[in-house]
Every structure is written in structure tokens, then in C-alpha cells.
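Everything below concerns the one structure shown next.
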Amino acid sequence: MNVVFAVKQYISKMIEDSGPGMKVLLMDKETTGIVSMVYTQSEILQKEVYLFERIDSQNREIMKHLKAICFLRPTKENVDYLIQELRRPKYSIYFIYFSNVISKSDVKSLAEADEQEVVAEVQEFYGDYIAVNPHLFSLNILGCCQGRNWDPVQLSRTTQGLTALLLSLKKCPMIRYQLSSEAAKRLAECVKQVITKEYELFEFRRTEVPPLLLILDRCDDAITPLLNQWTYQAMVHELLGINNNRIDLSRVPGISKDLREVVLSAENDEFYANNMYLNFAEIGSNIKNLMEDFQKRKPKEQQKLESIADMKAFVENYPQFKKMSGTVSKHVTVVGELSRLVSERNLLEVSEVEQELACQNDHSSALQNVKRLLQNPKVTEFDAARLVMLYALHYERHSSNSLPGLIVDLRNRGVSEKYRKLVSAVVEYGGKRVRGSDLFSPKDAVAITKQFLKGLKGVENVYTQHQPFLHETLDHLIKGKLKENLYPYLGPSTLRDRPQDIIVFVIGGATYEEALTVYNLNRTTPGVRIVLGGTTVHNTKSFLEEVLASGLHSRSRESSQATSRSASRR
């Protein structure tokens, strides 16, 4: 179950099926992103694809010597563009691939438009999602719900993305969903409808244990996307932002022109592939080793290229040297910028208190530490608000809850109204009233003992104590202990054996910390394969945008005004 491999295979097959000769790859906005995640331009160039064009671009030249490979989402807009294209073809022959199921009526419209008979084939290749890591996929949808319910457009897109994922991995799963979430149940039903309607597509070879699709809701764990991260990939996304593997470094002081935007892809960057899940401290020493290795291989300035053999050796080694030089300067820049932000924003201290708020239950110590950091001028308004949000979520119903005082502290230190309002919005989004699970207190004697022992031993790293709630959910699922009254099956049949192939999907977005959890579970649990997906992959900034987009903040404001009014009446 490797999503990068699945999408890559589709694209390779498209290019191979079109045969030898020069080709143009015609895409739309979304499929451009899907392709760029698994193939570099230079890799595709080697397969005789010399031109990349958008179907919606108006001024494309006529190039009858090129074959066109069209990879498009099956939207009405794209079908209309294709009809226009086929009426006045710019290329010699067209191989058309849709990233999802296309209706018979659309195929008929295309056939009618193809008067010059330039279409060689029309096929469905189900690469309709963004493959982020081998075990992580995203749909790049921010703001999927309105209140607690789906935005209908996003529900449709998510259903398509999720069914395409199942088809690309050749899985026809049983479905379980989080009962406390209306959105999870709705998505489960929509996926089931597609599987029933397109049953011929889903007729795969039966496995002994059927695969399982588990649909969860971000509301159940609003803590994970609010935490600072300390593993490489997660930290880069948290502090710099990763958008389809691209990182914008244009704001870095003194950045050189060629490093304003860099690409971090485990597919073709060995250093990144080996370090993306390691802690920041380890990255530092690995960068040093990379530098030293590079220095050794650097061609000597005085190196005399006297013989033809010398020149030949230099020319042969130069591309690897150039590639290594690019890798070194890229990672040195990225890690340098992360270090600068960590010290400038006092993130070690901030993160330690975040971890205490997420993992421990000592209210007075947590409150003191939050108050202390709110007084620290180095702490940004963003991090100050984030600490108060974590406090609000954890101690929402604590008898000594001091949230009003902390909100006053935020106002006194000049934190903008936008962030102050977000505190109550986050509680409205993922507070105790909404959660189907108990995020904070240990559930049973075993869990309490574990937490006690963890406290005794001390944690090897205070910055990475937190385990996403997903870890516990998957652990229970793998052991066959996930409660059916909280995560029911859709339909009458249930799984008798422990699941082996698990696809988890998080409505409202997954995180890189959860992807790390899945990576570790895949590594340490023989016979179990897990893939994680989400409507998007969040950092704190995008998660707060998700909360705002849900529109819950406006209601929470009204309810808080109502409570203050009733209090004043007393």
C-alpha cells in the first residue's frame, strides 16, 4: 500500500501507452499538482515528454508533430475544454486519461466533438489525490465543513478522492466511522454508495481479511494540530509551510535568488528521505556529516586537468557533484532558518509548556507556566494564543479554570482580536461537548499505570512526549479492541479477524505528526499496512483557518455574549 508508487505507476503507464515520439502533457490545475508530487520535470523529459501545458491556457501553439497525453479531472469544465480542443486539435493524436469515473454522456459528447478522429483512447486512471509520502495522501481541501456539516461541493470532491484512492490501491473495504461525527457518517455513506454503484470496478481479488476504511473527524483531536513539531518534515511544515513539496524561503534574511523556493521530496532527495522523521537535534549533526562528505568530494581548485582521462573523470562526476551541492545548500538553508526561528521565537520553552498542556494533568503548574510565557516579549502573539488555546481545551471544565484571566492577559500584551476570538472558536470546534473520546484523562487502570511509570522514568525528550490520539485509536483497532459503539461499521457485516490493510481518513485534515505515528506503526507491526489521508495536511496556521472556515466562531461569540449577559443579570 504505497500511494506514491500507485500514482507514479499510472503516469508511467500513460506515457508508455502513447508509444515512442515527442509528447505534450496536457493537465488541469489539480492534476498538475498530482503529477508534480511523484515525478520531477527532468524524469518526465527522459520519457520524451517535452512540453507541459494547462488545458485552460488560451494561447497554446498548434504543434502537429506532438502527441498529446491529457490527464484531467472529470469535471464539467474540463470536458468543455476538451470538446473545444477536439473541434480544433492542436496536436496530432490524443490519449485522454481521466483521474476518476467519467459519465457515459460525457464520453459521448467527446466522441461527437472528435470529428477529425484524433482521439486514440479514453481511459480512467484513478490518481485523483495528492500522494505526499508513501503512506500519506491529501486532497488539498481547506475548509471542508460549514458548522458540523459538509460543504456539499467538498463532500463530492472528498468522496471522489477517497474512492479513487481505494481503486488505485485495489481495495474494496469494510467501512467504520466515528459515531460522534455526523460528517464522518455522511462520508462513509457516500463512499459506500459509489462502491455499490460502480461494483464492477471494485471487484478485486478477495483477500482473507477484507481491508478496512476508518473515517475520523479532526474535531476529536484539536490538540495535535496546535503543537510545535520537532521532527524534520513536520517542523518544516509548522514553521515554513510545505505546499505540494515546495517551501517558500523568500522571506529568509539574505536568501540567494536560486533558493527562494526549494523542493523537499523524499523521492529524489536522499538526505531528506533519510532524515524526514528524525528529531531536530539529529538533523543538525547529519547536516554536518553531509557537509564534510561534500567537502571531501569537492574538486580541488588546483586540480590539474592534464590528460583526457582527467577531463573525462571530471565531466562524469560533475553532475553528481552539482546535485550534491544543490542538496547541501538547500538543507543547510532550511535547517539554518529553522534554527533562527526556534531561537527568535523562544520555541524550546514554548514547546515544553505545550507538551505539558497536552500530556500532563497538573493545572496549577500549567497555568503558572502559561502566564509566565505570556509575559515574555520573545513569545509571538501567534504562540501566545496557541498556548491559551491548548489550556482552554485541556482545562475547559476544571474547577479552577482561569481562561477569562488569560484572555485579558492576551489583550494586555496586544494580541490581535482575531487570535483572541479564535480561542473560543477552537473550543467550540474541538471542545469536550463535541469530542466522542476522552483526550486527556487515562481511561483505565493499565493506562493510569503507564502514565504514572512514564512520569517516573522521565521522558527521553520533553519536546516529543505527545502521542496523537490517532495512535491509541489505531493501536486498539489493530488489536481488535476498538469499540463498536464509538466506531460502528457501516452496514450489517463486521470484521471477525484483526485488520491487515487499514486506510484512515481524517475529515478536517491530518498532520505530519500523525503521519509519523503511522510510519512507526507500519515499521513495528508486522502484517499490518496503514495509509493515512486527510482533506488536507495541517500545520497550526492552516488548522486555525479550518476552524475559521467552519463558521463555528461566530456562534461561539454569540454564546459567550449570552453567558456574560446572563451572568450580569445575576
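The values are calculated or read from the model by the stated rules, or taken from the named source; none is laboratory data. A quick note: this is a predicted structure, and the numbers were derived from the prediction, not measured. With ideal geometry, Cβ positions are generated from the backbone for all residues, glycine too; neighbour counts draw on all protein chains shown. We work out accessible area using only protein heavy atoms, side chains counted, and drop any ligands, DNA or RNA first. Shrake-Rupley method; radii C 1.70, N 1.55, O 1.52, S 1.80 Å.
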Largest-first principal axis extents of the Cα set of the chain (Å): 80, 71, 47
Carbon and sulfur atoms: what percent of the 1.4 Å accessible area of the chain do they account for? 50
Once the in-chain neighbours fewer than 8 apart are removed, the aspartates and glutamates whose Cα is under 18 Å from K257 read D248, E337
Apply the Karplus curve 6.51 cos²θ - 1.76 cosθ + 1.60, θ = phi - 60°, to the phi angles in region 9-17 and return the couplings in whole Hz, x for Gly and Pro. 4, 4, 5, 4, 5, 4, 5, 5, 4
Per-residue HN-Hα couplings for region 30-43 [Karplus 6.51, -1.76, 1.60; θ = phi - 60°; Hz; x = Gly/Pro]: 6, 5, 4, x, 4, 5, 5, 6, 10, 9, 8, 4, 5, 5
Once normalised by the length of the chain, the mean sequence separation of its alpha carbon contacts under 8 Å that are 6 or more apart gives a contact order in percent of 18
Would you please give the residues with an amide H less than 5 Å from that of R54, counting only those at least 5 places away or on a separate chain, with H modeled from the backbone geometry? M27
Measuring from its Cα centre, region 3-126 shows a charge dipole (+1 at each Lys and Arg Cβ, -1 at each Asp and Glu Cβ) which, in debye to the nearest 20, is 160
For the chain, the longest principal axis of the Cα atoms and the Cα long axis of helix 152-168 enclose an angle in degrees, to the nearest 10, of 60
When the dipole is taken about the Cα centre of the chain, and only Lys, Arg (+1) and Asp, Glu (-1) are charged at their Cβ, what size is it in debye, to the nearest 20? 1240
Of the GluC sites (Glu not before Pro) in region 187-232, which ones lie in a loop per DSSP and count no more than 14 other C-beta atoms within 10 Å? E198, E200, E203, E208
Loop-located trypsin sites (Lys or Arg not before Pro) in region 343-421, at most 10 other Cβ atoms within 10 Å (DSSP): R397
Could you give the accessible area per residue of the chain, probe 1.4 Å, as a whole number in Å²? 49
If each DSSP helix of 4+ residues adds -39,500 (n - 2.57) and the sum is divided by the residues in the chain, what number results at 222 nm, nearest 500 deg cm²/dmol? -15500 deg cm²/dmol
Fraction of the pair-distance distribution of region 46-116 above 18 Å, Cα-Cα pairs, percent: 36
Given the options L259, L239, L226, identify the residue whose Cα lies farthest towards the positive end of the charge dipole of the chain (+1 on Cβ of Lys, Arg; -1 on Cβ of Asp, Glu). L226
DSSP-loop trypsin sites (Lys or Arg not before Pro) across region 247-299, with at most 14 other Cβ within 10 angstrom: R251, R260
Please go through the residue pairs K432/K541; K378/K432; K29/K90; K67/K330; K170/K192; K171/K479 and name each one whose alpha carbons sit more than 25 Å apart in this structure. K378/K432; K67/K330
Angle check, please: helix 417-430 long axis (alpha carbons) against the longest principal axis of the chain (alpha carbons), in degrees 0 to 90, nearest 10. 90
Around G21: net Lys/Arg minus Asp/Glu count, Cβ-Cβ under 15 Å: +1
